[in-house]
Amino acid sequence: MSEEYKTAPRVFIFGPGHMAYMLMFLEYGYKITHEFWEADLVCLTGGADVHPKLYGERILVGTHADIERDRRDGLIYHEAIEQNIPIVGICRGGQFLNVMNGGKMWQDVDGHAGSHDMTVVETGQVIEVTSTHHQMMIPSAKGIIVATATKSTKRKAGNKEVINPKDPDIEVVFYPETDSLCFQPHPEFAKEPCRDYFFELLYATFGETRGWFEDEVEGITEGDDLDDVPFDADDDKDVEDFKERFKRMEALAKENLGNMMDPETGEWVTLDANGNAIEGSC
């Protein structure tokens, strides 16, 4: 990456829900780029389930896979590895990275609707996270388990079922060989401490050795006039256009994010064009 971008890393976000992720990264002082080749970090977002055929299992009832999304994420993943760009996946994005690194998935787990505690393995720190999902990572031997939870009472895979499991639920895994960070919780839906921990982990995992934020970079907060937002644009017109889009998208996000949580279950969901919840979304 170019020296001029070392202080404010540029993020290429790929997948649905782009607005919420963009707002989150901007808040913490990152730049957003739409040019993959210029990225210092790639982020794969949440969405439909990873197809079980990618980890050698039959599909169970309740698994809502999107093989086209798998193909697109696969292209991004392999190109990121080729270009030596670190990659973070959130919820489904993290599950996909886990599978690409030889892991498997529990296709059905309970206990992960809304907020719950997550424990950082190395320090024992307990963090409240928003981590709604109905599937769970089974890391390969290449993965380092970073954080766990103890919520599930039943788990189902393609050929087995476990009741009252004794091993913890896996929330965060890092694969050092491919610089792949799998983050199951939803920092884009949560504030501190979940979001703070996510960015602390990003910096400790990728940023410290790459010179991110060597000079202090301020993020954006509510009420900013956006004059100093770290845009990555070719000319002034692009910057002005983006500022206008940002203002409209910010208002839309604030209006609609609350509608993405089921008030009865506290579960975060993906909505279709008619505002109905899509089953199996995360």
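Details
- For the cross-link pairs K53/K142; K104/K191; K31/K104, the ones whose C-alpha atoms lie over 31 Å apart are K31/K104.
- Taking other C-beta atoms within 10 angstrom as a stand-in for reagent exposure, M22, M136 fall in the order M22, M136, fewest first.
- Between T119 and A141, residue separation times 0.36 nm minus the direct Cα-Cα distance comes to 5.9 nm.
- In loop segments of the stretch 30-59 as defined by DSSP, the trypsin sites (Lys or Arg not before Pro) with at most 12 further C-beta atoms inside 10 Å of their C-beta are R58.
Where a number appears in this text, it was derived from the coordinates with a stated rule and is not lab data. Computed from a predicted structure; not experimentally measured. With ideal geometry, Cβ positions are generated from the backbone for all residues, glycine too; neighbour counts draw on all protein chains shown.
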